[in-house]
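The values are calculated or read from the model by the stated rules, or taken from the named source; none is laboratory data. Keep in mind that what you see is a predicted model, and the values were worked out from it rather than measured. Methodologically, a virtual Cβ is constructed for each residue, glycine included, from the backbone with ideal geometry; neighbour enumeration extends over all protein chains shown. In case anyone asks, the SASA skips ligands and DNA or RNA and just uses the protein heavy atoms, side chains included. Shrake-Rupley method; radii C 1.70, N 1.55, O 1.52, S 1.80 Å.
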Amino acid sequence: MRAMDVGRLSTLVRDVPGFPVPEVTFKDITPLLADPAALRLAVEMIAAPFEDSGVTMVAGIEARGFVLAPAVALVLGSGFVPLRKPGKLPYSSRKEEYQLEYGLDALEIHVDGVAPHDRVLLVDDVIATGGTARAGVTLIRGLDAELVGMAVLIELTFLGGREALDGVDLHSILTYDS
Ligand code: AMP
């Protein structure tokens, strides 16, 4: 039996209205990360659907994907690869730009971050419109690795990220429809 359930996980996600811009309510997961049982449950639940998928690499998206992805990699017995904001990776990298509400952002991966024999799970804390995730998908597939799926702690279903990922096997632990 679980020491705690998913319902309690959701009580440990703090809504911060107006951060970082007035029209956004930020899903702050730091209370969940601070709770040992919640942190363990969240990591185990993210990994669970992919335990028999032969995952060799977990790709985490900067910044909060970095908090969860290495822990998921430990559970799955795989490696970890960072997908970083532009200009942060030291070695030769590939870049994928994506649209924000105002302007462009981008993610980068080392050219040897994943290889064609890799089976990759993409991990982030939150999927909203799906633009960030789609850039991650493009980077992984662009290096000819196999994308097994994507896992997030939180899916903001009203922003349509799942549809933007057309066809990627997306698993979320907590969903919010407003
Ligand atoms: P999107 O590209 O719109 O799917 O946005 C997803 C990225 O932005 C993820 O890396 C999240 O960490 C972050 N993000 C977007 N919306 C929120 C939110 N309401 N609360 C926390 N993080 C968010």
Cβ-Cβ under 7 Å pairs, at least 6 apart or on other chains, the stretch 158-178 side more than 17 Å from Asp28 (Cα to Cα), far side open to solvent by 100 Å² or more (accessible area, probe 1.4 Å) and not in a helix (DSSP H, G or I): Phe158/Asp177; Phe158/Ser178
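Can you go through Tyr91, Tyr102, Tyr98 and tell me which one is within 13 Å of the ligand (Cβ to nearest atom), of a type outside the set (S, T, N, Q) and without any contact (Cβ under 8 Å) to a residue 24 or more places away in the chain?
Working: Tyr91 fails: within 13 Å of the ligand (Cβ to nearest atom); Tyr98 fails: without any contact (Cβ under 8 Å) to a residue 24 or more places away in the chain.
Exactly one residue qualifies, and that residue is Tyr102.
Tally the residues that are of a type in the set (A, V, I, L, M, F, W, C), out of contact with any Asp or Glu (no Cβ under 9 Å at 6 or more places or on another chain) and within 16 Å of the ligand (Cβ to nearest atom), restricting the search to the stretch 107-132.
Quick first cut of the stretch 107-132, residues of a type in the set (A, V, I, L, M, F, W, C) only: 107, 109, 111, 114-115, 120-123, 126-128.
Narrowing further to those that are out of contact with any Asp or Glu (no Cβ under 9 Å at 6 or more places or on another chain): 111, 121-123.
Adding the requirement that they be within 16 Å of the ligand (Cβ to nearest atom) leaves 121-123.
Going through the stretch 107-132 one residue at a time, the tally reaches 3.
Residues to consider are Val120, Val137; find the one that is in a strand (DSSP E or B) and either surrounded by fewer than 17 Cβ atoms within 10 Å (Cβ to Cβ) or in contact (Cβ under 8 Å) with a residue 12 or more places away in the chain (or both). Reasoning before the result, please.
Values: Val137 fails: in a strand (DSSP E or B).
Step by step, each of Val120, Val137 is checked, and only Val120 is in a strand (DSSP E or B) and either surrounded by fewer than 17 Cβ atoms within 10 Å (Cβ to Cβ) or in contact (Cβ under 8 Å) with a residue 12 or more places away in the chain (or both).
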Residue, nearest to Pro49 (Cα to Cα), within the stretch 140-162, restricted to residues that are within 15 Å of the ligand (Cβ to nearest atom) and over 14 Å from the mean Cα position of the chain (by Cα): Thr157
Hits in the stretch 4-42 (condition: open to solvent by less than 50 Å² (accessible area, probe 1.4 Å), more than 12 Å from the ligand (Cβ to nearest atom) and among the basic types (Lys, Arg)): none
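What about Tyr98, is it hydroxyl-bearing (Ser, Thr, Tyr) and open to solvent by 60 Å² or more (accessible area, probe 1.4 Å)?
It is false that Tyr98 is hydroxyl-bearing (Ser, Thr, Tyr) and open to solvent by 60 Å² or more (accessible area, probe 1.4 Å).
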